[in-house]
Number of protein chains: 2
Amino acid sequence: MRLSKEQVLSTALDVLDEVGLEQLTMRRLSARLGVQNGATYWHFRSKQALLEAMADAMLAGIVDDLDPHAPWHARVAGLAHRLRRALLARRDGARLFASLFFPLPNALDYGEAMIAALRDAGMSHRDAAWTADAVTYYVLGHAAEEQLAAGLPDDGAPATTRLTRAVDPHRHPHLHAALAHVPAPHGEEHFDHGLRLLVNGIPASAGTASSM
Amino acid sequence: MRLSKEQVLSTALDVLDEVGLEQLTMRRLSARLGVQNGATYWHFRSKQALLEAMADAMLAGIVDDLDPHAPWHARVAGLAHRLRRALLARRDGARLFASLFFPLPNALDYGEAMIAALRDAGMSHRDAAWTADAVTYYVLGHAAEEQLAAGLPDDGAPATTRLTRAVDPHRHPHLHAALAHVPAPHGEEHFDHGLRLLVNGIPASAGTASSM
DNA sequence: ACCTGAACACCGTTCAAGT
DNA sequence: ACCTGAACACCGTTCAAGT
């Protein structure tokens with residue numbers, strides 16, 4: 001049976017889930033498709049092009065059914081959560097995105113919606129664009145660390161344990177205390193904390209004055 | 001002449017600056033050292049170990065001469081700027097960090113100093129740790145994008161131009177307008193904007209109430 | 001139009017053997 | 001202790017040739 005571009009793309013996403021970004025190989029993908037190495041290159045001109053298509057596919061529908069009447073901060077938080085969920089839905093999703101420069105269709109839709117919400121918060125064009133960047137960096141960084149911690153060399157010791165062992169209580173007392181007080185290092189609650197930080201900073205930054 | 005571990009490390013950083021992370025190869029490094037491929041593996045047991053050593057070397061002295069009497073927000077901003085400078089000092093520095101899980105000595109010193117400053121802002125152990133993460137994600141994300149834009153395939157068209165071409169004014173009016181109002185997409189001013197957002201959010205988040 | 005088969009120019013890593 | 005030489009098991013990409 002003939003291969004379609006969509007088939008290559010969706011199989012690539014499956015392979016990503018199964019083996020991770022590091023092991024996602026054009027040769028392995030071709031094998032999964034039951035085809036020779038070169039065949040994949042007829043549908044995508046390079047691995048980079050395939051990765052970009054995968055990244056954009058992960059964002060499909062990210063702005064669907066947004067409530068345009070919701071207050072701006074709810075829309076900002078909602079978009080951040082949607083991006084987070086999209087990144088976490090696939091193994092190494094965040095790292096896949098971080099490796100790309102992406103003026104890709106769905107990513108642009110996301111950016112548009114985010115900037116629109118921030119404009120409604122009273123921000124200038126410039127501040128809205130920059131704030132959208134800050135929120136997006138946070139979402140990406142948080143998701144990347146969450147997935148990195150989940151996919152570490154599985155010696156049986158999870159990321160937190162490795163970190164705890166590396167911290168000397170005398171040299172890093174605050175870090176040591178913080179680790180003792182933070183049982184589960186990641187997850188939704190952790191994510192929401194940082195997101196709230198950013199959103200709370202917006203009204204304070206929308207004016208001209210600054211506390212710095 | 002015999003190779004030293006320090007010599008391998010510093011040459012690796014030179015090669016990174018010259019050819020970028022993608023082209024930084026154990027074989028190329030060995031060639032630069034005037035030595036066979038396998039020789040490098042006597043000093044570092046894997047490429048991963050070398051990359052970690054490089055990352056930590058880039059953070060050398062990151063907490064030196066901090067003023068412990070400065071107000072907390074100045075210390076937080078100062079540490080963020082120091083991290084940013086360290087990342088930007090080497091080609092692909094931010095991406096190098098993003099690819100590692102790092103309980104590395106200098107990174108821990110940075111974390112310790114950051115959490116200490118946030119504790120002085122009145123935060124709990126948990127909130128201080130989480131806020132430190134948020135600030136660090138932002139610094140990393142911003143630096144990574146800045147370096148990515150700088151090192152794109154040089155068709156003569158810089159990142160902004162590529163982005164502008166991809167944006168349809170009808171589908172993405174806010175994005176289009178924002179691009180028109182943001183001539184230089186990156187740099188210190190852009191960075192400070194997002195940093196201010198985070199720092200301004202801290203007092204608002206230090207209490208129990210939340211606006212979300 | 002779509003795929004095969006085979007090659008090209010690379011990788012990271014290991015390891016006996018040398019000095 | 002430190003390095004050579006050579007191999008192992010891979011990569012992404014290209015491209016004539018087939019159908």
Checklist entry - Can you run phi through the Karplus equation (6.51, -1.76, 1.60; θ = phi - 60°) for the stretch A:16-22 and list ³J(HN,Hα) in whole Hz, with x for Gly and Pro? => result 4, 4, 7, 10, x, 4, 4
Item to check | Estimated translational D of the protein assembly as shown in µm²/s (Stokes, Kirkwood radius over Cα pairs; 10 °C; 1.306 mPa s) | outcome: 70 µm²/s
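Mind giving me the FRET efficiency for A:A39 and A:E18? R0 is 25 Å, r the Cβ-Cβ distance, nearest 0.05 is fine. Write out the running numbers ahead of the final one.
Details: r = 20 Å, r/R0 = 0.79.
According to the calculation, E is roughly 0.80.
Return the FRET efficiency for the residue pair B:A60, A:Q7: r is the Cβ-Cβ distance, R0 is 60 Å, and the value is rounded to the nearest 0.05.
The computed FRET efficiency comes out at 0.75.
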Item to check | Cα gyration tensor shape for chain A, rounded if a/c is under 1.5, else prolate or oblate | outcome: oblate
Checklist outcome for this item: Whole-Hz Karplus couplings 3J(HN,Hα) for the stretch B:122-130, θ = phi - 60° and coefficients 6.51, -1.76, 1.60, Gly and Pro as x, run x, 7, 6, 3, 5, 5, 4, 5, 5
Next on the checklist: If I model a spin label at B:T164 and B:Q48 as a point 7 Å from the Cα along the Cα→Cβ vector, what separation in nanometres do I get?
Outcome noted: 4.4 nm
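What is the Cα radius of gyration of the stretch A:28-93 over 2.2 N^0.38 Å, N being its residue count? Write out the running numbers ahead of the final one.
Details: Rg = 16.9 Å, N = 66, 2.2 N^0.38 = 10.8 Å.
Against the compact-globule rule of thumb, the ratio is 1.57.
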Checklist outcome for this item: Neighbour-count ranking for A:D133, B:D127, B:D120, B:D67 (other C-beta within 10 angstrom, fewest to most) reads B:D67, B:D120, B:D127, A:D133
Next on the checklist: Tell me which of A:L24, A:T131, A:H142 sits at the most positive position along the dipole axis of chain A, charges placed on C-beta atoms (Lys, Arg +1; Asp, Glu -1).
Outcome noted: A:L24
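Of the trypsin sites (Lys or Arg not before Pro) in the stretch B:12-63, which ones lie in a loop per DSSP and count no more than 12 other C-beta atoms within 10 Å? Please report the intermediate quantities before stating the final value.
On the way: sites: B:R27, B:R28, B:R32, B:R45, B:K47; in loops: B:R45.
Counting only loop positions with at most 12 other Cβ atoms within 10 Å, the trypsin sites (Lys or Arg not before Pro) in the stretch B:12-63 are B:R45.
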Checklist outcome for this item: Only helices counted: for chain A, with every DSSP H run of 4 or more residues adding -39500 (n - 2.57) and the sum spread over all residues, [θ] at 222 nm is -21000 deg cm²/dmol
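Here, each number is a calculation from the coordinates, and none is a lab measurement. Model, not experiment: these values are computed from the prediction. Quick reminder, even Gly has a Cβ in these numbers, built from the backbone with ideal geometry, and neighbours come from all protein chains shown.
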